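A short write-up of the structure that comes next.
Any read-out appearing in this document is the output of simple, stated calculations on the displayed coordinates, not a laboratory observation. All of these numbers come straight from a predicted model, not from anything done at the bench. Here Cβ is always computed from backbone atoms with ideal geometry, including for glycine, and neighbour counts include all displayed protein chains.
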Number of protein chains: 2
Amino acid sequence: MSNLPESLAGKTVSVLGGTGPQGRGLARRFAAAGLPVVIGSRSAERAAATAAELAAATGGDVTGADNPGAATAGDLVVVAVPWEGHGELVAGLAAELTGKVVVDCVNPLGFDNQGAFALAVEEGSAAQQAQALLPASTVVGAFHNVSAVKLEDPEVTSVDTDVLVLGDVREATDLVQDLCATIPGVRGVYGGRLRNAHQVEALTANLISVNRRYRSHAGVRVTDL
Amino acid sequence: MSNLPESLAGKTVSVLGGTGPQGRGLARRFAAAGLPVVIGSRSAERAAATAAELAAATGGDVTGADNPGAATAGDLVVVAVPWEGHGELVAGLAAELTGKVVVDCVNPLGFDNQGAFALAVEEGSAAQQAQALLPASTVVGAFHNVSAVKLEDPEVTSVDTDVLVLGDVREATDLVQDLCATIPGVRGVYGGRLRNAHQVEALTANLISVNRRYRSHAGVRVTDL
């Protein structure tokens, strides 16, 4: 039914904030790849509704739950919530996320009439904030720069982008690189330690500028690999 | 003799810090493209020696000067000095750089036994620091992520990377995009305002991590353009 790598066999992926564009787009692609997916949301009802849509669209195994339920259900847990609620959400799920790989894709950005800009984060980055709040989990940063529009578009059969995967534990970054590769066209590239996550999160502001100038849904490829 | 765009016809490009790997690599490519190039260095003798090497290697018009002389000679002035001396150098050349487009490619990075990491810059980025110190110049950020090894290697006939060009003045970023395109393989892509330069400078730390992991000289391409 799928060509999942051995590292992901039997694993469930939960997506917290799975009813927003980025989370929904990632969930759709993971489900299409044959991974069991649990959509998490503050509202279990909204999660269930999005899950039903994605199950119908992909033929995959997608269910919904509130965020704590999704955090409990996932072997890998993707955090795709808005930056505003990031710290509070993550701190409240420390027990559920213990021992797990947590994939943070949150971009702390502000917006004004000149476009997007990077916000300062006390811990350095959203990923480092998550790691500080989840000392018993392994946080990996990934999927920051992937276009939600491309992920959600069923006509896009290959998403033309690399994903920079950031983390301090090789086993976890390798696993998340495998997760990246379940999305057609996407390549997971190790991009450094968590302390270098800020600029990858912030680069999304530049891609928003690119998208405005060129009317694109830009991604990033790393050359010479 | 060359296919320079009209915007660069008759223009001289000076490269401050042109005896270091990044500056030398850019100077070599600009000279090969047919642009008159002036190498700047603290030492006029070392600048002249590097200029003679590059002139011989490229058949181009390359001369050397001390940094103030090079700043005076250039219509476009590229700043490719180490971060440590950046502020002092730039501040000391405010008169020479008045009215000019200044292309800052400096990456404020630190290094320890875990590799490279981004340094905090009071003004936000090296490019913003330069703009703060040069209120009568137009600062554009560019060439942050281009491999000096690739630029300097005469066997590399096409440098497989985009250059994100950052700035607040459209005419200046357009001109620097044209400058990027004089290097075979390189495409200049508008990447946002100067306030979003930090993460592009800092991304070089990630590319250093990539290079260590994959034994590469990585660059970055923007997709969907």
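If we hang a label 7 Å off Cα along the beta carbon direction at A:Arg215, how far is it from the matching labels on the other copies, in nm, shortest first? The answer, with the shortest distance listed first, is 4.6 nm. A simple charge model with +1 on the Cβ of Lys and Arg, -1 on the Cβ of Asp and Glu and nothing else charged puts the dipole of the protein assembly as shown at about 440 debye relative to its Cα centre. Straight-line reach from B:Lys11: taking Cα to Cα under 28 Å and skipping same-chain neighbours fewer than 8 places apart, the lysines in range are B:Lys100, B:Lys150. Segment A:Glu84..A:Lys11, full-extension length gain: 23.4 nm, with 0.36 nm per residue of separation and the alpha-carbon distance subtracted. Distances between equivalent label points of B:Pro184 across the copies, with each point positioned 7 Å along Cα→Cβ, amount to 3.6 nm, shortest listed first.
Each other copy places its own label point for B:Glu6 at 6.2 nm from this one, sorted shortest first, where the point lies 7 Å along the Cα-to-beta carbon line.
Taking R0 as 60 Å, what's the FRET efficiency between B:Arg187 and A:Ala95 from their Cβ-Cβ distance, rounded to 0.05?
0.80
All alpha carbon pair distances within the protein assembly as shown were sorted into 10 Å bins beginning at 0; the resulting P(r) in whole percents reads 5, 22, 29, 22, 13, 8, 2, 0. Within chain A, the longest segment free of exposed loop sites, counting GluC sites (Glu not before Pro) that fall outside DSSP classes H, G, I, E and B and have at most 13 other Cβ atoms within 10 Å, spans A:1-121. On the basis of the beta-carbon distance and an R0 of 41 Å, A:Glu155 and B:Asp153 show a calculated FRET efficiency of 0.50. Put simply, the convex hull of the Cα atoms in region A:88-186 casts, on average, a shadow of 7.7 nm².
Modelled label positions at B:Arg215 and B:Leu119, each set 7 Å beyond Cα in the direction of Cβ, lie 3.2 nm from each other.
For chain A, the alpha-carbon coordinates run over 40, 39, 35 Å along the three principal axes, in decreasing order.
The charge dipole of chain B, taken about its Cα centre with unit charges on the Cβ atoms of Lys, Arg (+1), Asp and Glu (-1) only, comes to about 400 debye.
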